[in-house]
Amino acid sequence: MFDLPTDTPQERKHATQFRDFLQKKGFTMAQFSVYFRFTGSREESRKYVTAVKKNAPAVGDICILFFTDKQFGDIIHIKNRKSDSLSEKMLQYELF
């Protein structure tokens with residue numbers, strides 16, 4: 001999850017570059033500033049954490065959360081007043 005400043009054209013450019021970086025690394029957008037990626041294990045996730053730190057804009061907040069398969073599978077998603085369950089179960093997700 002992240003909250004990046006977008007007041008100036010330069011800040012918007014950096015925020016867009018960060019979103020593009022996440023997508024190129026295989027992250028999926030859950031919301032505009034919330035991305036997730038399956039990694040399989042905590043050890044495998046380290047390379048993504050390192051890459052996010054390296055590519056983080058100089059200004060802004062980024063939080064990294066780890067979820068197990070069970071925790072992620074228990075998320076209730078309501079869209080247009082209809083509840084959906086996740087169709088594909090994974091072992092672990094990272095949320096940026």
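The values are calculated or read from the model by the stated rules, or taken from the named source; none is laboratory data. Because the structure is predicted, anything quoted here is derived from the model rather than measured. So basically every Cβ, Gly included, is an ideal-geometry build from the backbone, and we count neighbours across all protein chains shown. These accessible areas exclude ligands, DNA and RNA; they are computed on the full protein's heavy atoms, side chains included. Shrake-Rupley method; radii C 1.70, N 1.55, O 1.52, S 1.80 Å.
Taking label positions 7 Å along the Cα-Cβ direction at both L65 and S83, the computed distance is 1.9 nm, reported to one decimal. For the chain, the longest principal axis of the alpha carbon atoms and the long axis of helix 42-55 meet at an angle near 20°. Computed with every protein chain present, the accessible area of K82 is close to 140 Å² [probe 1.4 Å]. Three principal axis extents of the range 1-67 based on alpha-carbon atoms, in descending order, are 38, 22, 19 Å.
Charges were assigned to the Cβ only: +1 to each Lys and Arg, -1 to each Asp and Glu. The resulting dipole of the chain about its Cα centre is roughly 200 debye. Heavy-atom accessible area for S83, with the other protein chains in place and a 1.4 Å probe, reaches approximately 90 Å². Amide H contacts of I64: none lie under 5 Å away among residues 5 or more positions distant or on a separate chain (H built 1.01 Å from N in the peptide plane; Pro and chain starts excluded).
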